[in-house]
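Asks: Here it is, the structure, as structure tokens.
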Amino acid sequence: MSNYSNELPTLDPARHALREHVLRHSLKTGNFTLKSGASCSWFLDTKQTACRADGVVLMANVALDLIPKDAVAIGGLTMGADPVAYGIAAVAATRGYDLCSFSVRKEAKDHGVTGRIAGALQPGDKVVITEDTVTRGTSIMEAVDAVTAFGAIPILITVVVDRGGTCGAMAAERGIPFVPMLTALDLGYGYGT
């Protein structure tokens, strides 16, 4: 049984365009097993949006309206955050907004520039933590911890799609606003389905 609804909520034009791209390129239906081990009838390969030039522009159109003007960098846990952060930062530059990007390595590097942070991040920077799709929120919080330990300050968490509906509460516990670009509900599905 599918939890899909043909009744999609009305969105502003930028989010509507991003949703259409995600539905066309990133949504897969069938029988899937999620990272958590749960079974579901739909899956998001949001990199299919985040790695296409038109998708990057659509993500940036939404994200740049959400990102506080005092943010100086955007990034998150590699691989999910990389195309999102790099793409948004590149489009921001074309619009006169100097937004650096960075990645959080899964493990600390012990040679060259050591540690978990790679890219243009400095201690004290106010940053946006991002990812392509979030289901439970553990990867996002791992990135928050790494960035905080580095000495930067997370001031917003945004993702292309909030699939699970639990990340907002985790972010609130840490005092960080969570504003997804899209949610499962926006795509016509329930959280956790």
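The values are calculated or read from the model by the stated rules, or taken from the named source; none is laboratory data. This is a predicted model, so every value here is computed, not measured. Reconstructed Cβ throughout: ideal geometry from the backbone, glycine too, with neighbour counts over all protein chains shown.
Asks: Quick one: which residue in 12, 82 is farther than 26 Å from residue 147 by Cβ and without any contact (Cβ under 8 Å) to a residue 40 or more places away in the chain? Reasoning before the result, please.
Replies: Working: 82 fails: farther than 26 Å from residue 147 by Cβ.
Being farther than 26 Å from residue 147 by Cβ and without any contact (Cβ under 8 Å) to a residue 40 or more places away in the chain holds for just one of 12, 82, which is 12.
Asks: Filter segment 126-139 for residues that are closer than 25 Å to residue 37 by Cβ and out of contact with any helix residue (DSSP H, G or I) (no Cβ under 6 Å at 6 or more places or on another chain) and give the result.
Replies: Listed by number, the residues that qualify are 133, 135, 136, 138, 139.
Asks: Now a separate question. Tell me whether segment 109-116 contains one or more residues that are surrounded by 13 or more Cβ atoms within 10 Å (Cβ to Cβ) and either under 22 Å from residue 182 (Cβ atoms) or touching a residue at least 12 places away in the same chain (Cβ under 8 Å) (or both). Steps first, please.
Replies: Restricting attention to segment 109-116, the residues satisfying the condition of being surrounded by 13 or more Cβ atoms within 10 Å (Cβ to Cβ) are 115-116.
Cutting the leftovers down to either under 22 Å from residue 182 (Cβ atoms) or touching a residue at least 12 places away in the same chain (Cβ under 8 Å) (or both) gives us 115-116.
Within segment 109-116 (the criterion being surrounded by 13 or more Cβ atoms within 10 Å (Cβ to Cβ) and either under 22 Å from residue 182 (Cβ atoms) or touching a residue at least 12 places away in the same chain (Cβ under 8 Å) (or both)), the answer is yes, since at least one residue qualifies.
Asks: Could I ask something else about it? Check 193, 158, 114, 135 and return the single one that is of a type outside the set (D, E, K, R) and at pLDDT 95 or above.
Replies: Working: 193 fails: at pLDDT 95 or above; 114 fails: at pLDDT 95 or above; 135 fails: at pLDDT 95 or above.
Only one candidate passes the filter, namely 158.
Asks: If I ask for residues that are in contact with a strand residue (DSSP E or B) (Cβ under 9 Å, 6 or more places away or on another chain) and of a type outside the set (A, V, I, L, M, F, W, C), which ones from segment 126-144 would you list?
Replies: Answer for segment 126-144, where residues must be in contact with a strand residue (DSSP E or B) (Cβ under 9 Å, 6 or more places away or on another chain) and of a type outside the set (A, V, I, L, M, F, W, C): 126, 130, 131, 132, 133, 135, 137, 139, 142.
Asks: Starting from segment 48-70, keep only residues that are free of Cβ contacts under 8 Å to residues at least 60 places away in the same chain, then list their pairs with residues that are among the hydroxyl-bearing types (Ser, Thr, Tyr) whose Cβ atoms are within a distance under 6 Å, requiring at least 6 positions of separation or different chains.
Replies: Cβ pairs passing all conditions: 48/26; 55/49.
Asks: Scan segment 88-97 residue by residue and report those that are among the β-branched types (Val, Ile, Thr) and either under 14 Å from the mean Cα position of the chain (by Cα) or assigned to a loop (DSSP other than H, G, I, E, B) (or both). Can you show your working first?
Replies: At the first step, the residues of segment 88-97 found to be among the β-branched types (Val, Ile, Thr) are 88, 91, 94.
The one that is among the β-branched types (Val, Ile, Thr) and either under 14 Å from the mean Cα position of the chain (by Cα) or assigned to a loop (DSSP other than H, G, I, E, B) (or both): 88.
Asks: Hey, among 35, 47, 106, which residue is surrounded by 16 or more Cβ atoms within 10 Å (Cβ to Cβ) and more than 23 Å from residue 177 (Cα to Cα)? Give the steps one after another, and end with the answer.
Replies: On the way: 35 fails: surrounded by 16 or more Cβ atoms within 10 Å (Cβ to Cβ); 106 fails: surrounded by 16 or more Cβ atoms within 10 Å (Cβ to Cβ).
It is 47.
Asks: If a residue counts only when it is touching a Gly at 6+ places or on another chain (Cβ under 7 Å), which strands (runs of 3 or more DSSP E) contained entirely in segment 98-193 have at least 3 such residues? Steps first, answer last, please.
Replies: Details: elements: 100-109, 115-119, 126-134, 153-162.
Correct list: 100-109, 126-134.
Asks: On to the next question. Mind listing whichever residues of segment 41-75 are among the small types (Gly, Ala, Ser) and farther than 15 Å from residue 17 by Cβ?
Replies: Here is the first cut: in segment 41-75, the ones among the small types (Gly, Ala, Ser) are 41, 50, 53, 55, 60, 63, 71, 73, 75.
41, 71, 73, 75, listed by residue number.
Asks: Quick check: is even one residue across segment 66-83 of a type in the set (Gly, Ala, Ser), modelled with pLDDT of 95 or more and more than 17 Å from residue 156 (Cα to Cα)?
Replies: The answer is no; no qualifying residue exists.
Asks: Can you report the number of residues in segment 151-167 which are farther than 19 Å from residue 35 by Cβ and surrounded by fewer than 18 Cβ atoms within 10 Å (Cβ to Cβ)?
Replies: Residues that pass the stated criteria total 2.
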